[in-house]
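Working notes for the structure below.
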Amino acid sequence: MTTTTIAELGKHVGQTVTLSGWLYNSRSSGKLLFLVVRDGTGLCQCVLEKTEATAVAFDAAKRLGQESSLSVSGTVRADERSPGGYELAVTDVRPVQNASGYPITPKAHGIEFLMKNRHLWFRSQRQWAILRVRHTVVEGIRQYLNEHGFILIDTPIFAPAAGEGAQTLFAVDYFGEPVYLAQTGQLYVEAAMMAHRKVYCFGPTFRAEKSKTRRHLTEFWMVEPEMAYADLDDVAALAEDFVYFVVQKCLRERRGELEMLGRDLAKLEAVQKPFFRLTYSEAAETLRSAEVQTMLRLDLERARARVAEFTKLIAEKETEKAAPGIKEWKADKLAQEIMDARDELADQEEAVRNIPQHMELAANFEWGGDLGGSDETIIARLHDRPVFVTHYPRVCKAFYMKRSAADPRVVNNLDLLAPEGYGEIIGGSQREDDLAVLLERIHEDGLNAADYEWYLDLRRYGTVPHGGFGLGVERTVAWICGLKHIRETIPYARMMGRIYP
Ligand code: 4AD
Ligand code: MG
């Protein structure tokens, strides 16, 4: 008998095979037992019929709890109703361990409970699909850069000084000296770029983000390519081709997972080159426009209507659930629907609270300030493909960004905003290659020039125009998967107030 995996079942139609995995779900109806088995590669419905020959196995299998480990043997047949398209007509079931009391049941669970049980939650279908998309995003990142001549440079996690804003540094005691967890590897890849021309680093980075938002983690993964003899246009061209490649790869290789997540694939397919470009000053003008106010006013009306709609829906479902004599499976189903509707209601209520503030922020947007999350969302929503916002005011950006020759108030930088309101997934720039200007910026930002001596050497010995960007893996995965919150895009999320498991 052939041992195989669920992903390979298509090659064994009509044959008898053995699968080894875990029991995802089971139900029986009279003489039939439906075991939904997962084995890490997929889900398969396995049907066991009670006959004289299978009676013992049938009774044993019926007692298996959710997530029991087991192997099943049977004949493979194509069946559209089975999750993976194939079904197993079972001849034998052999338990490995009979598990009981698995905490994550098919019933409804709140997000706090699920995050606390992250080590088990991985096994659920949606989480399984998300982490497979993440795998492909990471693979695509490496593949693109390796195939385009970029050399991998691993940069340190212990860093003696700030790479980005000093407000988000995590200090660590390093044999009695304070050092920091890296916020970026950029300064270190800039040095290696002088040796290899095109380089990248890819690893975890750390920011002490004291706010709990949908977009911020305290530990996240960032890939940072850096190129010598490159200006802002070269950086934008790389970012565009790179993001396009990663999205295409996911569409090709993870279509099944994205469909499982309910992702609107047409929206991802609309991601075509060239991406849209506008300057910060143009973005500022757009934010202050009457058109944006109208758009937000409509949003507000829609959100209010949905609050009313979901409030009514929840009340109806509650009544239905409380009906005497209701079947348990029906009550469970309603409980799940109520929980989903409550989540949606909470989102809409939040929108009703926030939109007036977003309208005010947009209407009064002043040249000089950084774009906030809501501003980015507004700009991104106006386009069906990613948008580059370039040339931000120097005062709201990092010290290392190149001052623009055409307008010294701005820098040659870019942020890439993902569509559908996802906001910034890339931050990048041409770097200040002039020693005197760079020193001036270091002083302006109140940084200690001595900490950056080695970095200044790069401007002393063969300085060249150069630039690069950083792409956040989790924000990219959230966008590609169409998730509201970044916390499910990383195996173990680290956020303010969350460090377990
Ligand atoms: O815009 P940022 O801060 O840029 C840098 O760190 C540069 N040194 C990159 C470079 O030019 N080499 O961060 C880059 C990206 C953001 O666009 C976002 O996708 C992600 O990193 N990011 C975060 N992701 C999750 N949680 C956070 N707290 C993040 N902060 C930044
Ligand atoms: Mg940024």
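The values are calculated or read from the model by the stated rules, or taken from the named source; none is laboratory data. These numbers come from a predicted model, not from an experiment. All Cβ positions, even for glycine, are placed from backbone atoms using ideal geometry, and neighbour counts span all protein chains on display. We work out accessible area using only protein heavy atoms, side chains counted, and drop any ligands, DNA or RNA first. Shrake-Rupley method; radii C 1.70, N 1.55, O 1.52, S 1.80 Å.
Treating cross-link reach as a plain straight distance, find the lysines whose alpha-carbon is under 17 Å from the alpha-carbon of Lys484, omitting any fewer than eight places away in the same chain. In chain and number order, the partners are Lys212, Lys267. When peptides 338-346, 396-404, 318-326, 182-190 are sorted by average Cβ neighbour count within 10 Å, with the highest value leading, the order is 182-190, 396-404, 338-346, 318-326. Please label the shape of the range 292-362 as rounded, prolate or oblate, based on the square roots a ≥ b ≥ c of the eigenvalues of the alpha-carbon gyration tensor (a/c under 1.5 means rounded; beyond that, a/b larger than b/c means prolate, else oblate). Since a/c reaches 1.5 and a/b is larger than b/c, the shape of the range 292-362 is classed as prolate.
Report, to the nearest 10°, how far helix 186-196 tilts away from the longest principal axis of the Cα atoms in the chain, using its own Cα long axis and a range of 0 to 90°. The two axes meet at around 80 degrees. Backbone geometry of the range 29-42 corresponds, through the Karplus equation with coefficients 6.51, -1.76 and 1.60 at θ = phi - 60°, to 3J(HN,Hα) couplings of 9, x, 8, 10, 10, 9, 10, 8, 10, 10, 9, x, 9, x Hz, x marking Gly and Pro. In this structure the range 22-166 gives 48 Å² per residue of accessible area when probed at 1.4 Å with all protein chains present. Counting lysine pairs in the range 292-362 whose alpha carbons fall under 12 angstrom apart, excluding pairs fewer than 8 residues apart on the same chain, gives 4.
Defining a contact as two alpha carbons under 8 Å apart and six or more residues distant in sequence, what relative contact order in percent does the chain show? Relative contact order, the chain: 15 percent.
Each peptide in 8-17, 470-479 was scored by the mean count of other Cβ atoms within 10 Å over its residues; highest first, the order is 470-479, 8-17.
The angle between the Cα long axis of helix 435-444 and the main principal axis of the chain comes to about 70°, on a 0 to 90 degree scale. Each 10 Å bin from zero holds the following percent of Cα-Cα pairs in the range 2-97: 18, 57, 24, 0. When both the range 345-359 and the range 157-203 are represented by their alpha-carbon centers, they are found 37 Å apart. Karplus-based coupling profile of the range 474-487, in residue order and whole Hz: 5, 5, 5, 5, 4, 5, 4, 7, x, 9, 6, 10, 6, 5, with θ = phi - 60° in 6.51 cos²θ - 1.76 cosθ + 1.60 and x standing for Gly or Pro.
Positive contributions from Lys and Arg (+1) and negative ones from Asp and Glu (-1), summed over other residues with Cβ under 12 Å from the Cβ of Arg215, come out at +2.
Nearest 10 degrees, 0 to 90: what angle lies between the long axis of helix 328-363 and the longest principal axis of the chain (Cα atoms)? Here the helix axis deviates by roughly 10 degrees. Only helices enter the 222 nm calculation for the chain: every DSSP H run of n ≥ 4 contributes -39,500 (n - 2.57), and dividing by all residues gives -12500 deg cm²/dmol, rounded to 500. Charges were assigned to the Cβ only: +1 to each Lys and Arg, -1 to each Asp and Glu. The resulting dipole of the chain about its Cα centre is roughly 1760 debye. Based on Cα contacts under 8 Å between residues 6+ apart, the range 292-362 shows a relative contact order of 55 percent.
Near Lys31, which aspartates and glutamates are there with a Cα under 16 Å away, not counting those fewer than 8 places off in the same chain? Those aspartates and glutamates meeting the cut-off are Glu49, Glu52, Asp59, Asp92. Rolling a 1.4 Å probe over the protein heavy atoms of the range 408-501, with every protein chain left in place, gives an accessible area that is 55 percent carbon and sulfur. The charge dipole of the range 1-118, taken about its Cα centre with unit charges on the Cβ of Lys, Arg, Asp and Glu (plus for the first two, minus for the last two), comes to roughly 280 debye. With an a/c value of 1.5 or above and a/b not larger than b/c for the gyration tensor axes a ≥ b ≥ c computed over the alpha-carbon atoms, the range 89-170 is described as oblate.
Protein heavy-atom surface of the range 2-97, 1.4 angstrom probe: 50% of the accessible area is carbon and sulfur, with nucleic acids and ligands not counted. A 1.4 Å probe run over the protein chains yields, for the range 292-362, 64 Å² of accessible area per residue, whole-number rounding.
Given N residues in the chain, what is Rg(Cα) / (2.2 N^0.38 Å)?
Working it through for the chain, the quotient is 1.15.
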